[in-house]
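S.K.: Please read through the structure below; I'll follow up with questions.
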Amino acid sequence: MGRSAVDVRRVEGSLREPFIELWVAHRIESGTTPEAARRLAADGTLNAALDRSDICAFIAHVDGVPAGYVVVADSTRSPLVDAPCVSISMLHVLPDYRRGGVATALLATTARYADRVGAGHVASLVPAHDREANRFFARIGFAPETIRRVTAVATLQRRLTGQGASRRPVAEVLQRRRDLRARSRSVTTRVAG
């Protein structure tokens, strides 16, 4: 038995609702609670993103049933990039439709979109722990370019100043004590006077 035909279309008008449902399913599969995923979908952020001129989403259907989506960001107009590039922000295929050509069809549409907007490259962030996704992207020609590392803001600030959370330089501790003494003297003077 052959593969079913995959129909990929840009997310517009009546395709927004099935796209949002796929997005919710993706969030739930990624560990978000169903309630939180639906709340995020209902707050209007997705629709606002779809209305942006630099964001484009495509949805894939197999036999008329939504099966996956890709969201791409067009950075060809950014002065901060060396070469015009389209970045894949999200790519998701429902588990029942994986290994059926859905991701390939979505990426083929992404390549045509990149060509249309004048981008010479397509980039994608692939989770380091997702071996299947990394193999898929490597098999179709994506090469590793960078490693993206993430940290909490507080951790970064603490590490940049060279301090642990409980270790403060002596000068800072002494200045803090002086400030506290000065404040307590001014309060005592106001109360006594």
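S.K.: Dipole of the chain, Cα-centred, from +1 at each Lys and Arg C-beta and -1 at each Asp and Glu C-beta, to the nearest 20 debye?
M.R.: Computed charge dipole of the chain: roughly 1680 debye.
S.K.: Highest mean first, how do 145-158, 27-40 rank when packing is the count of other Cβ atoms within 10 Å averaged over residues?
M.R.: Final packing ranking: 27-40, 145-158.
S.K.: Could you tell me which of 124, 144, 45 has its Cα farthest along the dipole of the stretch 6-150 towards the positive end, charges placed at Cβ (Lys, Arg +1; Asp, Glu -1), taken about the Cα centre?
M.R.: Projecting each Cα onto the dipole axis, the largest value belongs to 144.
S.K.: Please name whichever of 89, 20, 55 sits farthest to the positive end of the charge dipole of the stretch 6-150, dipole taken about the Cα centre and charges placed at Cβ: Lys and Arg +1, Asp and Glu -1.
M.R.: 89
S.K.: Of (1) 160; (2) 234; (3) 148, which one was derived for volume of the Cα convex hull per residue in Å³ from the structure shown?
M.R.: Among (1) 160; (2) 234; (3) 148, the one derived from this structure is (2).
S.K.: At 7 Å along Cα-to-Cβ for each site, give me the label-to-label distance between residue 154 and residue 90 in nm.
M.R.: For the pair residue 154/residue 90, the computed spacing is 2.8 nm.
S.K.: Right, another one. Going by average Cβ density within 10 Å per residue, which order do the peptides 47-53, 69-75, 114-120, 89-95 take, highest to lowest?
M.R.: 69-75, 89-95, 114-120, 47-53
S.K.: Subtracting the Cα-Cα distance from 0.36 nm times the residue separation, let me have the gained length for residue 38 to residue 139 in nm, one decimal.
M.R.: My answer for the length gained is 32.9 nm.
Each reported figure results from applying straightforward, stated rules to the coordinates on display, with no laboratory input. For clarity, every value in this text was computed on a predicted model and none was experimentally measured. Glycine also receives a Cβ, built like all others from the backbone with ideal geometry; neighbour counts cover every protein chain displayed.
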